[in-house]
Amino acid sequence: MLKRKNIKLGIAPIAWAEDDMPEYGKETTFLQIISEIALTGYEGTEIGCKYPHDAKILNEELARRRLENITQWFSSYINELPFWQVERDFKDHMYFLKASGAKLINVSDQSFSVQHRSSTCFTRKPVLNDEQFRELADGLNKLGKTAVDHGMIVVYHHHMTTTVQTAAEIDRLMELTDPRYVNLIFDAGHLAFSGDDPVTVLDKHFDRIKHIHLKNIRQNVVDRCRQEGLSFLQSVLEGAFTIPGDPEGCVDFPAIFKILEERDYKGWLVVEAEQNPYIYNPYDYAVMARKYVREQTGI
């Protein structure tokens, strides 16, 4: 079992309102989302598209429900945009997160990504050459140092359809970046979707992992979406992702929890699964995931 004093359990609101497709969950309000998160027994939330971009309002409403703000996604474009522009936007994002009580900055570089191309298959991901990879690493080191100087931590999110998706690309990024400034999010679902073994990646890069997304996949759906040449967002709507504890999921969470226990992980565990809320009720799936994590970890 995991040590309770070392772990906080949160959930991402993307199951209630899809950040990339806001029409899915458009009726759901910010207050409903955080109230259901609190009701289902989570301690914190990542920030989603329905959340106010006013730290005072956000803090007040979370405090009423005894919830903490964990982090929020930031899209960098280090290989596409002038660095001054990336840095400016990053600092704005950082100041907001700091004001709202977060310590982590979730960064994913979206240069050349096909994530939002509705007619492009997710297999057609961009691949960086050596020079571009060094440019990415150098930019992330600079952003990470800025975060450290302000008492915060950059956690890099490997992600489907981006230049850092596969286990090999994660290896390269960890090799080229400074561990003082660039850490890693471990996302079990994105690794499984990519065709990599999440357990191997967790074990190999454990010392750099400062944040964890507990995300699952339905392998039969992923395989069908790949065969049909569907885009990433189409695959999401088809049900490619799900939560830990779903009988349809295939990620080996017991093996993941075993590593976290043996290596004494300290930090957030965040349940996350973007799904069509009109098919997969967010509250029901939050309850299912919460029950499963408690059974598996004692948390």
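Listed peptides 78-88, 284-294 appear in the order 284-294, 78-88 once ranked by packing, highest mean of other Cβ atoms within 10 Å at the front. With a Förster radius of 25 Å, plug the Cβ-Cβ distance of Asp178 and Arg117 into 1/(1 + (r/R0)^6) and report the FRET value to the nearest 0.05. With a Förster radius of 25 Å, E is 0.20.
Model label sites at Thr29 and Lys204, defined 7 Å from Cα along the beta-carbon direction, differ in position by 4.7 nm.
About its Cα centre, what dipole magnitude does the chain give when the only charges are +1 on Lys and Arg Cβ and -1 on Asp and Glu Cβ, stated in debye to the nearest 20? Intermediate results must be reported in sequence, preceding the final value.
Details: 35 positive and 44 negative charges, 182 e Å.
Computed about the Cα centre, the dipole is about 880 debye.
Once the Cα-Cα distance is subtracted from the 0.36 nm per residue extended length, the Arg124 to Asp138 segment shows a gain of 2.5 nm. With a Förster radius of 45 Å applied to the beta-carbon distance between Arg88 and Asp197, the computed FRET efficiency rounds to 0.75.
Note on region 178-299: Rg/Rh from Cα positions, Kirkwood definition for Rh, rounded to two decimals, is 0.98. Label sites at Lys5 and Gln219, each approximated as a point 7 angstrom past Cα along Cα to Cβ, lie 3.9 nm apart. By its C-alpha gyration tensor, with a ≥ b ≥ c as the square roots of the eigenvalues, how is region 250-298 shaped: rounded for a/c under 1.5, else prolate for a/b larger than b/c, else oblate? Since a/c reaches 1.5 and a/b is larger than b/c, the shape of region 250-298 is classed as prolate. About its Cα centre, region 113-243 has a charge dipole of approximately 320 debye under the convention of +1 per Lys or Arg Cβ and -1 per Asp or Glu Cβ, with nothing else charged. Extension gain, Ala38 to Glu295, is 90.6 nm, computed as 0.36 nm per intervening residue step minus the present C-alpha separation. Using equal-weight Cα scatterers in the Debye expression, the normalised intensity of region 4-297 in log10 at q = 0.10 Å⁻¹ is -0.49. The simple spin-label model puts a point 7 Å past each Cα toward its Cβ; for Asp284 and Glu61 those points are separated by 2.6 nm.
Ranking Val127, Ile153, Pro247 by Cα position along the charge dipole of the chain, where only Lys, Arg, Asp and Glu carry charges on their C-beta atoms, puts Ile153 farthest toward the positive end. For region 1-124, the fraction of C-alpha pairs more than 24 angstrom apart is 37%. Sorted from greatest to least, the principal axis extents spanned by the alpha carbons of region 1-50 come out as 39, 20, 14 Å.
Amide hydrogen proximity for Lys8: with H placed 1.01 Å from N in the peptide plane, the residues at 5 or more positions away or on another chain lying under 5 Å are Gly267, Trp268, Leu269.
If r is the Cβ-Cβ distance from Glu228 to Glu80 and R0 is 22 Å, what FRET efficiency results, to the nearest 0.05? For R0 = 22 Å, the calculated efficiency reads 0.15. One compactness figure for region 75-151 is 1.22, namely its Cα radius of gyration divided by 2.2 N^0.38 Å. I want to verify the translational diffusion coefficient of region 52-183 in µm²/s; compute it with Stokes-Einstein, Rh as the Kirkwood radius over Cα pairs, at 25 °C and 0.890 mPa s. Approximately 157 µm²/s, per Stokes-Einstein. Given +1 at the Cβ of Lys and Arg, -1 at the Cβ of Asp and Glu and no other charges, the dipole of region 80-179 around its Cα centre is 360 debye to the nearest 20.
Pairs to check: Lys5/Lys258; Lys91/Lys142; Lys145/Lys210; Lys26/Lys215; Lys56/Lys103. Give those whose C-alpha atoms are more than 20 Å from each other in this structure.
Lys26/Lys215
Taking Cβ atoms as reference points and 9 Å as the exclusive limit, the residues near Ile153 contribute a net charge of +2, counting Lys and Arg as +1 and Asp and Glu as -1.
Every read-out reported here was derived from the displayed coordinates using simple, explicitly stated rules and does not represent laboratory data. Only a predicted model underlies this, so the values are computations on that prediction, with no experimental measurement involved. Neighbour counts run over all protein chains shown; Cβ positions are idealised from the backbone, glycine included.
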